[in-house]
Amino acid sequence: MNSAHYFSSPSGPFDRRRIEVTLAGRRFTASTAGGIFSPDGVDKGTEILLREVPDPAVSGHVLDIGCGWGPIALTQAMLAPQAEVWAVDVNERARTLCAENAAELELSNVTVCAPDEVPTGHRFATIWSNPPIRIGKPALHELLQLWLPRLDDGGEAHLVVQKNLGADSLLTWLKSMLAAVGDDFTVERLTSVKGFRILRVRRGADL
């Protein structure tokens with residue numbers, strides 16, 4: 001798999017395609033295109049994440065790291081209409097499509113932007129992500145170090161990672177990295193489904 005789409009906008013033609021998908025129990029026609037992650041539909045890992053994790057926080061800031069055309073962020077926005085959902089991606093084409101799909105669903109609580117456009121003071125009650133494992137450990141670690149420490153007190157993050165792509169070693173690294181940030185994080189494997197792990201990070205004095 002070519003990982004360039006995670007870090008740059010593709011140079012090929014921007015030919016939109018329309019696909020039928022169901023998110024949060026709502027069926028609609030989404031816009032996708034080549035040059036982004038999983039343009040043909042909701043990938044298996046994201047499907048598992050959306051099915052297995054608890055609903056996002058009902059209010060506050062909610063984050064989707066690497067939004068692509070938007071299946072995670074759109075689901076968050078429909079499940080938590082009073083929350084402010086931030087859908088971030090480095091790929092400009094993906095951001096365009098995510099914004100179009102949010103508009104298609106009339107979701108006014110979604111902000112689609114590049115990572116550096118998220119206000120630095122924002123903390124997140126919920127973070128969901130199907131992180132780009134194939135970009136390699138250094139880049140992946142940098143990405144997670146940027147966002148996970150921004151969990152708000154009492155907040156939770158859920159990541160879906162294939163077991164055979166290093167989910168267990170990533171779990172070990174997350175524990176070490178977040179322990180260095182503070183002693184109020186807990187990191188665990190929530191569940192394992194069809195070769196995918198869902199990793200949970202929680203922050204809060206009541207943990």
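The values are calculated or read from the model by the stated rules, or taken from the named source; none is laboratory data. Being a predicted model, the structure only gives us computed values, none of them experimental. Please note: Cβ atoms are built from the backbone with ideal geometry, for glycine as well, and neighbour counts cover all protein chains shown. Ligands, DNA and RNA are stripped out before the accessible areas are found, and what is left, the full protein with its side chains, is counted by its heavy atoms. Shrake-Rupley method; radii C 1.70, N 1.55, O 1.52, S 1.80 Å.
Tabulated data
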item	result
Any chance TRP128 is in contact with a Leu (Cβ under 7 Å, 6 or more places away or on another chain), at pLDDT 95 or above, open to solvent by 10 Å² or more (accessible area, probe 1.4 Å) and not in a helix (DSSP H, G or I)	no
Of all residues making up the stretch 73-83, the number that are hydrophobic (A, V, I, L, M, F, W, C) and either more than 13 Å from the chain's Cα centre (by Cα) or open to solvent by 10 Å² or more (accessible area, probe 1.4 Å) (or both)	4
Residues being touching a Lys or Arg at 6+ places or on another chain (Cβ under 9 Å), within 20 Å of LYS163 (Cα to Cα) and open to solvent by 60 Å² or more (accessible area, probe 1.4 Å) - total across the stretch 36-67	1
Qualifying residue in the stretch 139-155 (condition: open to solvent by 30 Å² or more (accessible area, probe 1.4 Å), farther than 22 Å from ASP116 by Cβ and at pLDDT 95 or above)	yes
Any hit, the stretch 94-112, residues being at pLDDT 95 or above, within 19 Å of ALA57 (Cα to Cα) and basic (Lys, Arg)	no
Residue pairs meeting the criteria (Cβ under 9 Å; at least 6 apart or on separate chains; first over 16 Å from PRO119 (Cα atoms) and in contact (Cβ under 8 Å) with a residue 60 or more places away in the chain, in the stretch 70-93; second part of a strand (DSSP E or B) and among the small types (Gly, Ala, Ser))	ARG93/ALA33
Strands (runs of 3 or more DSSP E) wholly inside the stretch 132-204 containing at least 2 residues that are in contact with a helix residue (DSSP H, G or I) (Cβ under 8 Å, 6 or more places away or on another chain) and among the hydroxyl-bearing types (Ser, Thr, Tyr)	185-193
Enumerated helices (runs of 4 or more DSSP H) restricted to the stretch 19-119, each holding at least 1 residues that are of a type in the set (A, V, I, L, M, F, W, C) and over 21 Å from THR191 (Cα atoms)	71-79, 92-104
